[in-house]
Each structure stands twice: as structure tokens, then as C-alpha cells.
Amino acid sequence: MRPDEFLRALHLLPIPLHDRAVALRAYVRPTRCDDCQQIGDALNLALTAAHYDELSSTQHLLDAAERLTTRHGTACRHQPDQQRGRGRVGRWAGTSAPLVAATDASWKGRAGGIGYVGSDGHYGLRSRGTGRLDPTGVSRVLINELRAVEFLLSAYDEVPAGMTVLLDSLVALRYLHRWQAGDTGAMPAGYNLRARRWSAQPTLVRLAEAVGQRPDLCFQHVKGHAGHALNEAADGLCHMARRRLDETFDVRPRAHALVDAFLRDWHASLTR
């Protein structure tokens, strides 16, 4: 279950159940721990029951999830922001300049990475392997360029109005503009629309619907590898995420330092 889906489901719950579900939020994401998986399954079922107005079932399922949590403990769970590959350089949080962000994707062989950075200090990077539902060839790169945009937008509980998003992929940009114009059924060649295990909708379907409802967002092209600070930062993050699949290094301090350096250049350029 994605963060936006979880937040929407919470609105279906009365206050006591709402607060109990929020306390279990860390378990909605995929994990290799069987016990954590059972807790997450119970929570997902509880929210599904709420969707069908079966609040008594929701309460019983939350009871079960809480019992499992008490028995298992929480030591093996990652913190949500670490698990999601997101971070923030705090000193740029209070900037008054219009919000601008850049996204990018990198793919080599069977390893890929996506990344984003915002002028408000938000950033994210995520490694991707080859999945059985992924197409090959140029569509794979395009799909991951678009996944990077969804990764950015899902970082916010509510996407800031008027945000500008920069991409160096003209093909991805055309899809975003088509979706904003209402053609939300358009998908890259080979993109599989089968239901995913952790979401009722595939990533690009969610993205298309979200973008179609946000005409205020501005998607613009930026030339890649041309020295644009935000694009270079996003490029560095997605390459770092891709390399992380084959190399062992502590990615978080490197990502934080990279983003801070490029944001310093970006904000300095605004005052020249």
C-alpha cells in the first residue's frame, strides 16, 4: 500500500480506529520479515474492510495486528524515511523561492535507479532490479523516468500547488502533458496493467490519474548533463541508487552531501 492510499483509507475510520491504524503505519510497506508481513497484511485487510463499511471487521483486524505487534516487537522494522529512500537537507526547508524539483532515472544491464531532488531540500533515491512485469528496451527507461516523477510527488502528503518539475526526457514529458490534458489511459508500450501485490493500481496508472487532476503543476524539459544544478543532483542520485545494487557503500551520507552541494549552487544562482 502506497502512502497516499494509506492516507485516503484513514479518512474512512472513526477517530479511535484512525489513531490505532496510524500507530501501525510502518507495517504497510514490503518487508522480508514474515512476522512484520503478517502485521501488514492484517492492517491492509482492516483498511479494506473499512472501505466496505465493515467497521466491526476493521476493529477485529486491528486487534489482531496489535497482538502480533506486541508479540513480535518493532526492532526489525526500518524507519519509514530510511526504507523509502527519502531524506531532506533541512537548511533549505524555509526557502521562499518557488518550488522547483528535478527527477531522473538510470538503467544499466539489469540494474536501475530513480531519483529526485527539490529546491526545498527534499530528495529521494531508489534502486530497481528487473521485474517480471517490466518491458525491455527503450520502454524500460521511459517507464522509470515516469516512476521517478511518481516517487517525487508521493513524497508529499499534498503536492505543493504550482510546483515545477524538470525532466531531461522529452518522451516522458509528452506523457505527463497528455495526462494533464485528460488522456490518462495513454501508457508506454509494454507497460503491464496487471494489479500489483502492494497496490490496487500500477504506479503509472496512479501517476496519470494524479497528474490529470493537477493542471497547476508545471512539467518542463531541461537538457541533461548541461550543468543544471537540480538535474545534475537528480542524475547523481539515480546513478548512486543503481550502483548500490552491485556495490557496498553507505548511501545516505553520500546522497545528503551531494544534494546539499547542488542545492547550494542552485540557490546561489537565484541571487545572481
Query raised in the report: For the chain, modelled as a GNM with alpha-carbon contacts under 10 angstrom, which of Asp216, Asp34, Asp168 fluctuates the most?
Result: Asp34
Query - Inter-probe distance in nm under a simple model that places probes 7 Å from Cα toward Cβ, at Leu55 and Gln37 - result: 3.3
Query raised in the report: So for the pair Arg174, Ser269, with labels modelled 7 Å out along Cα→Cβ, what separation do we get in nm?
Result: 2.6
Report task. Please work out how much length the chain gains when fully extended from Arg67 to Arg243, using 0.36 nm per residue of separation minus the C-alpha to C-alpha distance, in nm with one decimal. Result -> 59.4 nm
Query - Label-point gap, in nm, between His256 and Thr48 - each point 7 angstrom along Cα→Cβ - result: 3.9
Report task. Just rank Leu230, Leu173, fewest to most, by other beta-carbon atoms within 10 angstrom. Result -> Leu173, Leu230
Query - Stretchable slack from Cys218 to Asp157, in nm (0.36 nm times residue separation minus alpha-carbon distance) - result: 20.1 nm
Report task. Please say if the range 132-272 is rounded, prolate or oblate, where rounded means a/c under 1.5 for a ≥ b ≥ c the square roots of the C-alpha gyration tensor eigenvalues, and otherwise the choice is prolate for a/b larger than b/c and oblate otherwise? Result -> oblate
Query raised in the report: Tell me, what is the percent relative contact order of the range 84-270, built from C-alpha pairs under 8 Å that lie six or more residues apart?
Result: 30
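What longest region of the chain stays clear of chymotrypsin sites (Phe, Trp or Tyr not before Pro) that DSSP places outside H, G, I, E and B and that have at most 14 other Cβ atoms within 10 Å? Don't skip to the end; give the middle numbers.
Numbers: sites that count: Tyr52, Trp198, Phe249.
The segment 53-197 is the longest one with no such site.
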Query raised in the report: Tilt of helix 203-212 relative to the longest C-alpha principal axis of the chain, in degrees (0 to 90, nearest 10)?
Result: 70
**Report entry** Compactness of the range 3-78, expressed as Rg and Dmax over alpha-carbon positions, Å
**Finding:** 11.5, 33
Query - Neighbour net charge for Gln180 - beta-carbon separation under 13 angstrom, K R +1, D E -1 - result: 0
**Report entry** Potential extension, Gln201-Arg25 segment - 0.36 nm per residue separation minus Cα distance
**Finding:** 61.4 nm
Report task. Quick one: angle between helix 251-270 and the longest Cα principal axis of the chain, in degrees between 0 and 90, rounded to 10, please. Result -> 50
Query raised in the report: Of all GluC sites (Glu not before Pro) in the range 144-187, which ones are in loop regions per DSSP and have a Cβ with at most 15 other Cβ atoms within 10 Å?
Result: Glu158
Requested in this report: Please give the calculated 222 nm ellipticity per residue for the chain, where each DSSP H segment of at least 4 residues contributes -39500 (n - 2.57) and the sum is spread over every residue; nearest 500 deg cm²/dmol?
Outcome: -15000 deg cm²/dmol
Query - Under-5 Å amide H pairs with His122, H placed in peptide plane, nonlocal only - result: Val89
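Count charges around Ala208 for me, please; just the other residues with Cβ under 10 Å from its Cβ, Lys/Arg as +1, Asp/Glu as -1. Let's see the in-between values first.
Details: positive: Arg178, Arg206; negative: Glu150, Asp183, Glu209.
Charge balance in the 10 Å sphere: -1.
Throughout, read-outs are computed from the coordinates displayed, never taken from laboratory work. The model shown is predicted, which means the values in this text are computed figures rather than measured ones. Cβ: placed from backbone, ideal geometry, glycine included. Neighbour counts: every protein chain shown.
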